[in-house]
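First the structure, in the form of structure tokens, and then the observations on it.
The values are calculated or read from the model by the stated rules, or taken from the named source; none is laboratory data. These figures come from a predicted structure and were not determined experimentally. Counting neighbours? That spans all protein chains shown, and the Cβs are built from the backbone with ideal geometry, glycine included.
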Amino acid sequence: MTVNQAKKLYLKGSELLIQRKYPEALNYYREAVEANPHCMEAHLEMGYLLGTLEKYDQSLKSFENALEIKNSFPAFFGKGMSLFFMNKYEKAVESFLQALELGENEDIWYYLASCQLLDDDPEEAIHSFNISISIDNDFIEAWNDMGVAHSILDEHEYAQECFEQSLRIDENYLPAIYNLGATLVDGGHYEDALPYLDQVLDQDEKHFKALFYKGNALYYLDKVEESIEYFKEALILEKNQGELWNYLGYAQSSLGQNHEAIESLKKAIKICPEQLSAHLNLAQVYLELGKLQNARDLLEKVQKIAPENEEARNLMEMLLEYGA
């Protein structure tokens, strides 16, 4: 076949792509590169289409083939995207940075920021999200994820501003609705958080994190019995959540449901043996029940893990007062 014939195959593939006839489009792109291995456009379009079909190994190969022909922004960006969705974040960043030497758009800065966030570098992620937003101020995902980065840094006011901006773009954007509710709980604004968490649960009654956060908010609003019901609903969905068992046990103990609290806190410790708060909460319950040796055993474990823990030291002093 001639170069012109390869181009015709590529153009036919692109027509089918517009019609969302993906398998047919893919076949034409493959025929195009077989006819002319240097048809860079076909390699690129095939790479992006394979990515859409979640065939990331194959899409990566297509972008690498394109880069053998010529270094270009779309090829480096596509390669980075393939690596990102293959969870190879370090290599994805390398490819994104190579792409940025040749051009930029809001998407590359967004995915670079996402890699930085996944690499536990929220401050650098915020910088990259800001650049993405400076290119497209209505990039709702970037606003939302920048809010998440601020939340990780306990910058709740900045996080709230980001989530609110997301909702100004689309008031029904569920990730931002949830994140705003969660951030308000983290910032101690429990009453304000409830409408957002309820909005999430109205759309998805099995939203684990919304159930967890609503239970947390209700507890701090002194609606402990209600909070326990939400914690239990969340645990039906995900039973291996040590932190949630700890919250449930703490709430149960505050109502004097000590035996239920013991079972919940034991489960928390079994799931997360290093969770100090569960050990301390259980020791406190044992103290209230007069089971002093059980309390001592737990406090000694805490002191081995964290010798400077002040709460463990105070509880141990209480034990000494009891003569244990």
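For the range 153-174, filtering for residues that are in contact with a Leu (Cβ under 9 Å, 6 or more places away or on another chain) and either at pLDDT below 95 or assigned to a loop (DSSP other than H, G, I, E, B) (or both) leaves 2.
So that you can scan it fast, the table gives a plain yes or no per residue for (1) in contact with a Lys or Arg (Cβ under 9 Å, 6 or more places away or on another chain); (2) within 24 Å of K239 (Cα to Cα); (3) outside the structural domain of S253 (by TED's automatic domain parsing); (4) not basic (K, R):
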site: C272; (1), (2), (3), (4): no, yes, no, yes
site: Q275; (1), (2), (3), (4): no, yes, no, yes
site: N281; (1), (2), (3), (4): no, yes, no, yes
site: K301; (1), (2), (3), (4): no, no, no, no
site: A306; (1), (2), (3), (4): no, no, no, yes
site: N309; (1), (2), (3), (4): no, no, no, yes
site: N314; (1), (2), (3), (4): no, no, no, yes
site: M318; (1), (2), (3), (4): no, no, no, yes
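Against the condition more than 30 Å from C162 (Cβ to Cβ), touching a residue at least 24 places away in the same chain (Cβ under 8 Å), assigned to a helix (DSSP H, G or I) and out of contact with any His (no Cβ under 8 Å at 6 or more places or on another chain), how does D107 come out, does it pass? Against the criterion (more than 30 Å from C162 (Cβ to Cβ), touching a residue at least 24 places away in the same chain (Cβ under 8 Å), assigned to a helix (DSSP H, G or I) and out of contact with any His (no Cβ under 8 Å at 6 or more places or on another chain)), D107 does not qualify. Yes or no: the range 130-143 includes at least one residue that is within 16 Å of F84 (Cα to Cα) and of a type in the set (S, T, N, Q). Looking through the range 130-143, none of the residues is within 16 Å of F84 (Cα to Cα) and of a type in the set (S, T, N, Q).
I need a count of the residues in the range 93-104 that are assigned to a helix (DSSP H, G or I) and surrounded by fewer than 22 Cβ atoms within 10 Å (Cβ to Cβ). Reasoning before the result, please.
Residues of the range 93-104 that are assigned to a helix (DSSP H, G or I), as a first pass: 93-100.
Applying the additional criterion that residues be surrounded by fewer than 22 Cβ atoms within 10 Å (Cβ to Cβ) yields 93-94, 97-98, 100.
Total meeting the criteria: 5.
Within the option set Y250, Y219, Y196, being closer than 21 Å to L167 by Cβ, modelled with pLDDT of 95 or more and of a type in the set (F, W, Y) holds for one residue only, Y196.
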